[in-house]
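Quick notes on the structure that follows.
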Amino acid sequence: MHKKIFFATLFLLILSIPVLCMASAKPIEIYINGEKIESDVAPIIVNDRTLAPVRVISENLGAEVYWDNDNRQVQIITSSKTIILKIDDVKALVNGQEVVLDVPAKIVNDRTLVPLRFLSESLGADVSWDNDLRRVIINRADAKVVDLAYEVIEGKPTVVITGDSPLEYSAVEIQDDRRLAIDVKGRLDTQNNALYVYDSCLEKAIAGEISIEPPITRIVLELSSNAAYKTYSSPDKKSIFVSFTYFDNILEDLTFENKKRQFIAEITTTNAANADYFFLSNPDRLVLDIKNIGLSEIDIPHVPDNNFVKDVRIGQFADDTVRVVFDLKNDTSYQVFQADNVFSVVFSQPFTIEDVKVTSQGDVSLVEILSSDEVFYELKDDTYKKQLKVIVPGAAIGKNLLDRNVIKIADGIIDYIELAKVKDAKTYNLEIVINLSSFVSCEMLSSSPTSNVKFALHKSSSLLPLSNKLIVIDPGHGGSDPGAIVGSVKEKDLNLDIALKLKSLLESNGAKVFMTREDDTFVNLYARAGMANEINADLFISIHHNSATSSATGTETLYYPDPQKKLLAQALQKAIVSHTGFHNRGIVERPGIVVTRETKMPSALVEVGFLTNSNDLALIVTDEFKQKVAQGILQGIVDYLCGSVN
Ligand SMILES: [Zn+2]
């Protein structure tokens, strides 16, 4: 055992002699790409060839080194080359091909030393020797861009930038987000330096060298509008791909605004888009998925210092979905608003409705809603249902009100107030529902946003939408014209009965009514329309009954083709059948009817039911049914006037 070690040491000493001799001269230095390479074992010269530590040289030239102890050989591997050197063997393998060296690899001081020029050149670097400085100078060969092409890859139009060796690149949007620059480290070495495409994704791509030392080739791509792009490399990195997807809609911009108590992110898309959003906890995040949209690789602006949002991330989550993720600080509440092509995400501290106060003074009730912070609110007036709603998006119920979801008032104007948390498609709203015991007119005393929502309710004797409206009721036929007759039942009488009931309902709710006939007299059709035009009525309602075969049944409303006349017909038809339960035949466009055609105001003609149908007729003749029809028409008029037709 001892002997073996002794011989081994002696052997190493003998080998080391030339190194020791050289030590008197200046040691050999190695520079790679201008930088001095430090190694714990100095290079040596054997037979005029420099040998240097394999690992430090290989790694500086971008290769990996593996030591195979069983075979006493070293493997140097890059993405395109495998070099195998055996210790003390002049035969080397480069990608499986045998190459004979002047000097073999050697082990010196436990380090593998290999022929420096052979290794460097095999790894694509230039080697030179400066004898005065005793310096080996190695320069990595520059990559070259050797082709530029436009192809369809996996169904997507793609610009392919090809190099003779692995390419390093960066992508930057320049000037505006419709021009993209791909900067490649390397020289341009192809005649194919321009692509003129002009399709839905790419106008053109032009390559040129923008720097010589270091060499940089810039490929400028001018994108067509609404092309989103993605860049990636081939596994061997010799090709860079810029693939395009065409979207009708793309995410154009993301901006931030830091307000005192709010932080607002605004996301702009080319056209209005749909989005889903949801909250994730641990850590708290708000995720906004914008649908059917592409992402141009926009620069995400720096998130300014604020109390609510830590960071914002954005990416093409699925082929047609862009995902924006907001990383939130603790206790941040948020609301998402959309107006046309802009999403506004408003982050704030959660706020509460602290109190609801009512001060009653005779015919006026003053309502005050106090909140912990300024709130945006909306007042919904549904006075026909004797309800007013104050809607506050994002509000919570304060401690004061937690056990008071119903507040009894009973002051002759307000019956009671309810607090309801209502989730609509976009946000949680707190609804403060004022249930009225009389008709009111509402006088707003505050404006949104405020921490004190204030309004006065004035007692009123009329149903607000009807107040001072002039409505013409036209009972069909009359006098010598009986309309449809079945047995002893004449249409003209039924029409007048309903008209009189409707007149009374309208007048008691504040409307003014004009009748085209108030008794059994004949009135010309053009005269009926003329009267309504003459007095400049707000609405014209004609009442008729139908006749046909015995199987025909139900209510229909006829209208002259005009948007407002159609809306009125829809409102009447819907409300009448909901009051009577009659079969709904829907609305019917009839350009030829004189009274609805000649009237200048919204008008419609109601065919209540069929006298020729025994089931219809049995109900139609009853007083109770006529009252229901009148109430249905009243509601239809109110719904039309309130714009609540759908
Ligand atoms: Zn008729």
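The numbers here are math on the coordinates, done by the rules we state, and not lab data. Keep in mind it's a predicted model, so treat the numbers as computed, not measured. Note that we place each Cβ from the backbone using ideal geometry, even for glycine, and neighbour counts take in every protein chain shown.
Within the range 512-612, list the chymotrypsin sites (Phe, Trp or Tyr not before Pro) lying in a DSSP loop whose Cβ has at most 15 other Cβ atoms in a 10 Å radius. Sites meeting the loop and neighbour criteria: F522.
Work out, step by step, the length gained on full extension between S508 and S281: first 0.36 nm times the residue separation, then minus their alpha carbon distance; give nm to one decimal. Mind showing how you got there, number by number?
Working: separation 227, 0.36 × 227 = 81.72 nm, distance 5.65 nm.
Answer, rounded to one decimal: 76.1 nm.
About its Cα centre, the dipole of the range 451-509 is roughly 440 debye, where the only charges are +1 on Lys and Arg Cβ and -1 on Asp and Glu Cβ.
Of the residues T352, V114, G476, the one whose Cα sits farthest toward the positive end of the charge dipole of the chain, with +1 on the Cβ of Lys and Arg and -1 on the Cβ of Asp and Glu, is T352. In the chain, the C-alpha radius of gyration followed by the widest Cα-Cα span (Dmax) gives 43.6, 143 angstrom. Relative to the longest principal axis of the Cα atoms of the chain, helix 563-580 runs at roughly 70 degrees. Inter-label distance, N69 to A339: 7.3 nm, where each label sits 7 Å from its Cα along the C-beta direction. Here the chain is treated with +1 on each Lys and Arg Cβ and -1 on each Asp and Glu Cβ, and its dipole about the Cα centre works out to around 840 debye.
Remark: spin-label model distance T268-D305 equals 2.8 nm, labels positioned 7 Å along the Cα→Cβ axis. Only Lys, Arg, Asp and Glu carry charge here, each on its Cβ (+1 for the first two, -1 for the last two); on that basis the range 223-363 has a dipole of about 400 debye about its Cα centre.
Expected output is a single nm value to one decimal: the length gained when fully extending between S39 and A548, i.e. 0.36 nm times separation in residues minus the C-alpha distance. What is it? Let's see the in-between values first.
Details: separation 509, 0.36 × 509 = 183.24 nm, distance 10.77 nm.
Value of the extension gain: 172.5 nm.
Modelling each spin label as a point 7 Å along the Cα-to-Cβ direction, I'd like the V160/L133 distance in nm, to one decimal. Reported label-point gap for V160 and L133 is 4.2 nm. Each of M515, M444 was scored by other Cβ atoms within 10 Å of its Cβ. Listed from fewest to most, they are M444, M515. When the charge dipole of the chain is built from unit charges on Cβ atoms (+1 for Lys and Arg, -1 for Asp and Glu) and taken about the Cα centre, the candidate among V608, V594, T158 whose Cα reaches farthest toward its positive end is V608. Among K492, K626, a tally of other beta-carbon atoms within 10 Å of each Cβ gives an order, fewest to most, of K626, K492.
Report, to the nearest 10°, how far helix 525-534 tilts away from the longest principal axis of the Cα atoms in the chain, using its own Cα long axis and a range of 0 to 90°. Roughly 70 degrees between the two axes.
Would you mind getting me the FRET efficiency between S488 and H583? Use the beta-carbon distance for r and R0 = 22 Å, nearest 0.05. Result of the calculation: an efficiency of 0.35.
Order 502-509, 360-367 from most to least packed using the mean count of other Cβ atoms within 10 Å.
Numbers: 502-509: 18.9, 360-367: 15.2.
Per-residue mean Cβ counts within 10 Å order the peptides as 502-509, 360-367.
By count of other Cβ within 10 Å, fewest leading, how are V322, V356 ordered? All intermediate terms of the calculation are to be shown ahead of the outcome.
Values: V322 28, V356 21.
By the 10 Å Cβ count, ascending, the order reads V356, V322.
Note on the chain: helix-only mean residue ellipticity at 222 nm, from DSSP H runs of 4+ residues weighted -39500 (n - 2.57) and normalised by residue number, equals -5500 deg cm²/dmol.
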